[in-house]
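Okay, so here's the structure we're looking at.
Please treat every number below as a calculation from the coordinates, not as lab data. Predicted, not measured: the structure shown is a model, and the values here were computed from it. All Cβ positions, glycine included, derive from the backbone under ideal geometry; neighbour counts span all protein chains shown.
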Amino acid sequence: MHRIAVIAVDGIHSFDLAMPLQVFSTAHSLEKAPGEFFGPRLYDIRVCGDDRDLLVEGVGGVEMYRFTPPYPLVDALDADTIVVIGVPGGREPLTSALDLLREAHRRGIRIASISAGGARVMAATGLLDGRRLATHWSRADLLAERYPQVVVDTDVLYIDHGDVLTSAGAASGIDMCLHMIRQDFGSAVAADVARHMVVPPQRDGGQAPYIAHPDPGDDHGSLEPTMRWLRQQLAEPVTLADIASYAGTSPRTLNRRFREQTGTTPLQWLLRQRVHHAQELLETTDLSVEEISRHCGFGTSIAMRQHFAKHIRTSPMTYRRTFRARNDA
């Protein structure tokens, strides 16, 4: 069972604490006994911290409740993944937490941070010096000024460096957690968690964290019918003109509406769906890369490998071997 340690400090926000606990505790094996709603749990989740009578706050500093973490901070070093919630604004990260995170990184433990508080802790560790860090847009300037050695990025939902992940906000932390579940146990389990939580099953880290409000005078209805149609066309060659024709609008208007509602273009969105479908087929079938490339509309296995290298940072066969090795472990 994959072990997750959530680090809690005094003054943390209630949603930041509850969110990773909720997402990871919803992950269960898809193989369940007859009559059971869930299969076996996939994560062992522990809240770690050295504060007693720890204060949990709402937005604006409203005192919600107090509790004592059931596990000491040092127990986080026994985890496979550490989730850093971080410190409230105006407080410096605890030296003990920074030292522990550096030691965890040295041991190869995956580290993920939630929202601006977690981003500040990660910046203070020095583990992201010279690398990009996602954080909430409202705290970006302060973070960049305080930690100039870190490349602060507010144009993404989350960033995955492999060893360290950071999310732009609490809600985008859900996307990051689903991304980690997908890495650990595959797309089907991540989609099952998303269904139970009634959240989108897949929003890429590179997607914009917030979108501009469309002109109220424009027709900006839901793109869901068009997206549903595109998911049914993954094996077919589809052009921007084809999509605009189906949506009953011009290519220019379609591009604008997609950027407003998804943060990306129609063809970029379609490409990501092709990559996600290829991941699912690599996980769940024995189809060859050539066959999968045709099923997903890449045309050739060379094109599929190129897109995998860009978006997944590995080859299709390495992805399949890694996923199956995790499942066999």
Open item on the list: Taking amide H atoms as placed 1.01 Å from N in the peptide plane, list the residues 5 or more away in sequence, or in a different chain, whose amide H sits under 5 Å from that of Asp44.
Closed with: His2, Arg3, Ile4
- [ ] Enumerate the calculated ³J(HN,Hα) couplings along segment 8-15 in order (Karplus 6.51 cos²θ - 1.76 cosθ + 1.60, θ = phi - 60°), each rounded to whole Hz, writing x wherever the residue is Gly or Pro.
- [x] 10, 10, 4, x, 5, 7, 4, 5
Task: Integer Hz, Karplus 6.51/-1.76/1.60 couplings in order for segment 99-110, x for Gly and Pro - done: 4, 5, 5, 5, 5, 4, 5, 4, 7, x, 6, 5
- [ ] Find me the longest stretch of the chain that has none of the exposed GluC sites (Glu not before Pro), where exposed means in a DSSP loop (not H, G, I, E or B) with at most 14 other Cβ atoms within 10 Å.
- [x] 37-329
Task: Qualifying chymotrypsin sites (Phe, Trp or Tyr not before Pro) for segment 1-64 [loop in DSSP, other Cβ within 10 Å: at most 12] - done: Phe37
- [ ] With a cut-off of at most 10 other beta carbons within 10 Å, and DSSP calling the residue loop, which trypsin sites (Lys or Arg not before Pro) in segment 1-102 qualify? Please list them.
- [x] Arg52
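Do you know the relative contact order of segment 211-329, to the nearest whole percent, from alpha carbon pairs under 8 angstrom that are 6+ apart? Please list the in-between numbers first.
Values: 96 pairs, mean separation 27.2, N = 119.
The normalised contact order for segment 211-329 reaches 23 percent.
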